[in-house]
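Participant: Right, I'll just put the structure down here and ask away after.
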Amino acid sequence: MLLKLAWRNIWRNKRRSIIVLISVIVGLTAIVLTDGLSNGMMRQMLFNQINLDVSHLQIHKAGFNSNKIVKNFIPNYKQVETVLRSNPEVEAYSKRVFATCILSSASNSSGVIMYGIDPAEEAKVSIIRNSIIEGRYLSTSKREIIIGKKLADKLGVDVGDKVVAMSNTLNGDIGSDAFRIIGIFQTSSSEFDKMAIYVNASAEQEMLGIGDNYHEFAIITKDYNKVTSLKNIFESKLGEKYEVYTYRDILPMLIYQMELYKESMMILNIIIGLALIFGIINTMLMSVFERIREFGVLMAIGMKNSKLYLMILFEAFILGLFGTLIGLVCGLLLDIPLAHSGIDLSIFATGLEAFGVGAIIYPVLSIGNLINAVLFMPFVAVLGALYPAYKAIKLEPIYAINYV
Amino acid sequence: MEIIKAQNLVKIYQDNGVPVKALQNINVTIDKGEYVVIAGPSGSGKTTLLNLLGALDKPTEGKVYFEGEDITVKEKSELSKIRLHKLGFIFQAYNLIPVLTAIENIEFSMMLLGIPDKERKEKALSLMDELGIKELANKRPNEMSGGQQQRVAVARAIVNKPSLVLADEPTANLDSVTAGHLLDLMEQMNLDKNITFIFSSHDKQVIDRAKRLIILKDGRIENQ
């Protein structure tokens with residue numbers, strides 16, 4: 001009956017209650033949308049990096065990651081392949097040759113990272129094949145090269161043009177080779193498009209003079225949440241001559257950013273909550289002052305202060321709960337279609353691409369944050385009612401009954 | 001058998017810093033089953049005395065003994081308990097809870113006692129039937145006349161079988177016919193259920209029916 005009374009009290013002044021409800025609804029919808037957008041942006045940054053060149057796990061010769069020089073190639077890549085093939089958690093892998101080069105066209109030159117790949121293997125671990133916007137992807141021909149759109153623009157080249165790559169070789173000489181551009185790619189990261197070029201592994205191995213060796217294994221696993229346990233397995237199987245990195249090791253800044261984002265979402269929730277608290281305090285105080293005489297009667301007929309207190313908190317809780325549920329539905333109704341179509345932020349494309357996000361953001365809801373918001377809002381509403389409820393129970397029955 | 005006793009009661013209000021003596025040296029004892037009217041002109045202290053007897057207010061000096069216990073020294077929560085279990089109140093302005101129906105208003109004090117839902121409904125309906133207001137069960141206060149509301153208020157006051165009902169000017173807002181019916185009802189309750197009634201009123205109809213009359217004047221008992 002106390003709940004029934006609280007429910008009916010809420011609707012005594014419909015306009016006022018609806019205004020409070022709307023503020024809770026708007027607050028929660030904003031949280032759901034902001035959460036979806038920020039979470040989506042962070043995940044896109046992470047997955048774009050993983051799908052470009054980072055992958056879930058990388059295996060190198062020990063020391064390669066801190067000193068990426070030609071001679072630091074994997075001591076026995078066949079041993080690594082055997083380990084990877086025997087693990088059912090490995091979805092795909094790509095062997096890569098890695099070198100920093102100068103790529104020159106007839107009109108310009110630029111420092112780049114040359115990836116020597118097996119085109120078929122690489123297509124399974126990265127999105128390069130699907131990012132071709134002009135020409136085609138690499139075949140097995142040695143003299144083919146694909147480069148990023150930004151780099152092509154800088155060098156003033158197009159599909160069909162020739163470029164020359166120069167790099168240090170294993171024996172310390174300068175090795176060079178000429179390639180014909182057969183494709184131009186464009187990814188979500190303009191920085192990557194400026195820096196990365198792909199050729200067949202055999203061509204790069206020949207240019208660097210490293211025989212049939214590779215510098216890197218890029219691995220995609222069936223479940224990226226298991227990378228740490230896989231890292232431990234590979235480390236123990238391969239021994240000290242090798243280093244195994246997860247994407248978390250390779251992208252520490254991005255991981256920190258994601259952690260920071262979670263904390264900033266919490267701060268945002270608190271700010272929205274604080275704004276709401278004052279609205280609720282105001283509404284509940286008005287509601288309490290309007291009913292002083294009634295509280296006096298309730299006290300006179302024997303209602304304990306604790307029950308009176310509870311009744312006022314119930315009123316705020318019901319408002320908070322309904323606002324939360326409606327806000328959640330509104331937020332989801334906006335978020336779910338956007339999660340499929342994405343939000344086109346082309347006007348910020350330059351900045352977003354520099355961060356490797358892409359111009360279209362696909363909101364992703366994090367269940368944990370949603371649960372927090374759903375629990376947080378009714379709690380905030382109850383918090384906002386504490387003071388008005390305290391004012392109510394501090395009334396003396398005789399004063400309250402005679403209150404005009 | 002004594003139900004309530006006021007001993008040397010004094011009540012002084014502060015009116016803008018000026019002390020106003022509302023009651024002076026009141027000594028009165030009321031026995032169980034009495035039907036008492038406290039009468040007197042406006043400002044004589046009737047309502048103040050009723051509020052002190054009903055544990056709604058505390059005296060400046062003196063004691064109030066309810067069923068032998070001094071209620072002037074009790075804590076707020078203990079007084080709530082006494083009001084819930086032992087006392088019933090009827091107000092001049094009815095003071096029903098506007099968002100509850102008649103039956104819910106009557107049930108409310110039973111709910112505070114923790115009586116289960118079904119039992120509450122049965123008791124409330126049976127009492128409403130007895131008081132001739134069963135047809136009002138689902139009406140809210142704003143859908144009832146003053147007389148109907150006051151009958152519901154009477155039902156609310158007696159539903160928990162209190163030892164004492166305090167009625168502050170219960171007929172002040174009613175026409176004489178309705179007031180007469182209401183007084184009949186309360187007299188009946190007094191006779192049938194042996195509930196002690198204390199009224200404060202200057203309504204002649206109420207005073208005429210008093211089995212004991214206490215007259216207040218300027219905060220003092222003039223006659224009892």
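Participant: Looking at A:I18 and the list (1) modelled with pLDDT of 85 or more; (2) under 33 Å from the mean Cα position of the chain (by Cα), which single condition is not satisfied?
Facilitator: Here A:I18 meets the rest and fails (2).
Residue-wise test of (1) within 18 Å of the chain's Cα centre (by Cα); (2) crowded, with 21+ Cβ neighbours inside 10 Å; (3) at positive phi.
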{"position": "B:K32", "(1), (2), (3)": "yes, no, no"}
{"position": "B:I38", "(1), (2), (3)": "yes, yes, no"}
{"position": "B:K63", "(1), (2), (3)": "no, no, no"}
{"position": "B:K81", "(1), (2), (3)": "yes, no, no"}
{"position": "B:I90", "(1), (2), (3)": "yes, yes, no"}
{"position": "B:N95", "(1), (2), (3)": "yes, yes, yes"}
{"position": "B:S109", "(1), (2), (3)": "yes, yes, no"}
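Here is a yes/no grid of residues against (1) within 14 Å of another protein chain (Cβ to nearest Cβ); (2) hydrophobic (A, V, I, L, M, F, W, C); (3) in contact with a Pro (Cβ under 9 Å, 6 or more places away or on another chain):
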| position | (1), (2), (3) |
| --- | --- |
| A:L254 | no, yes, no |
| A:Y261 | no, no, no |
| A:I270 | no, yes, no |
| A:I280 | no, yes, yes |
| A:F289 | no, yes, yes |
| A:M299 | yes, yes, yes |
| A:L308 | yes, yes, no |
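Participant: Collect the residues in the stretch A:147-158 that are touching a helix residue (DSSP H, G or I) at 6+ places or on another chain (Cβ under 9 Å) and crowded, with 17+ Cβ neighbours inside 10 Å, keeping them in residue-number order.
Facilitator: A:I147, A:G148, A:K149, A:K150, A:L151, A:A152, A:K154, A:V157
Participant: Would you mention how many residues in the stretch A:362-404 are touching a residue at least 12 places away in the same chain (Cβ under 8 Å) and part of a helix (DSSP H, G or I)?
Facilitator: Summing the residues that are touching a residue at least 12 places away in the same chain (Cβ under 8 Å) and part of a helix (DSSP H, G or I) in the stretch A:362-404 gives 28.
Participant: Still on this structure, I have one more. Take the conditions modelled with pLDDT under 95, within 30 Å of A:Q79 (Cα to Cα) and part of a strand (DSSP E or B) and apply them to A:G211. Does it pass?
Facilitator: Taking the combined requirement at face value, the residue does not satisfy it.
Participant: Within the stretch B:117-157, can you find the residues that are closer than 23 Å to B:Q92 by Cβ and of a type in the set (A, V, I, L, M, F, W, C)?
Facilitator: Once the filter is applied, which keeps residues that are closer than 23 Å to B:Q92 by Cβ and of a type in the set (A, V, I, L, M, F, W, C), the stretch B:117-157 yields B:L127, B:M128, B:L131, B:I133, B:L136, B:M144, B:V152, B:A153, B:V154, B:A155, B:A157.
Participant: Something else about it: Out of A:V199, A:V227, A:V244, which single residue is in the same structural domain as A:G172 (by TED's automatic domain parsing), at pLDDT 95 or above and either at positive phi or surrounded by 19 or more Cβ atoms within 10 Å (Cβ to Cβ) (or both)?
Facilitator: A:V199
Participant: Same structure, new question: Is it the case that the stretch A:57-64 has a residue that's part of a loop (DSSP other than H, G, I, E, B) and either of a type in the set (G, A, S) or surrounded by fewer than 16 Cβ atoms within 10 Å (Cβ to Cβ) (or both)?
Facilitator: Yes, the stretch A:57-64 contains at least one residue that is part of a loop (DSSP other than H, G, I, E, B) and either of a type in the set (G, A, S) or surrounded by fewer than 16 Cβ atoms within 10 Å (Cβ to Cβ) (or both).
Participant: When A:G296 is evaluated against the numbered criteria (1) in contact with a strand residue (DSSP E or B) (Cβ under 9 Å, 6 or more places away or on another chain); (2) under 30 Å from A:Y309 (Cβ atoms), which criterion, by number, is the only one it fails?
Facilitator: Here A:G296 meets the rest and fails (1).
Participant: Still on this structure, I have one more. Tell me the strands (runs of 3 or more DSSP E) entirely within the stretch A:65-150 that contain at least 1 residues that are within 23 Å of A:T228 (Cα to Cα), touching an Asp or Glu at 6+ places or on another chain (Cβ under 8 Å) and aliphatic (A, V, I, L, M).
Facilitator: A:90-104
Participant: May I ask you to list pairs of residues, at least six apart or on different chains, whose Cβ atoms are under 6 Å apart, with the first in the stretch B:73-87 being facing another protein chain (nearest Cβ under 9 Å) and the second being in a helix (DSSP H, G or I)?
Facilitator: B:L84/B:L112
Participant: Just to be sure, is A:S38 under 30 Å from A:I267 (Cα atoms), out of contact with any Asp or Glu (no Cβ under 7 Å at 6 or more places or on another chain) and buried (at least 18 other Cβ atoms within 10 Å of the Cβ)?
Facilitator: Yes, satisfied.
Participant: Another question about this same structure. Across the stretch A:8-18, what is the total count of residues that are surrounded by 13 or more Cβ atoms within 10 Å (Cβ to Cβ) and either in contact with a Leu (Cβ under 9 Å, 6 or more places away or on another chain) or more than 9 Å from chain B (Cβ to nearest Cβ) (or both)?
Facilitator: 6
For every residue, the table says whether it meets (1) of a type in the set (S, T, Y); (2) within 25 Å of A:V364 (Cα to Cα); (3) outside any helix (DSSP H, G or I).
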site	(1), (2), (3)
A:E259	no, yes, no
A:M265	no, yes, no
A:I277	no, no, no
A:T283	yes, no, no
A:S306	yes, no, no
A:Y309	yes, no, no
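Participant: Quick check on the stretch B:89-135: of everything there that is facing chain A (nearest Cβ under 8 Å) and touching a strand residue (DSSP E or B) at 6+ places or on another chain (Cβ under 7 Å), which residue is modelled with the highest pLDDT?
Facilitator: B:F89
The values are calculated or read from the model by the stated rules, or taken from the named source; none is laboratory data. The structure presented is a predicted model; accordingly, all values stated were derived computationally and were not measured. Note that each Cβ is placed from the backbone with ideal geometry, even for glycine, and that neighbours are counted across all protein chains shown.
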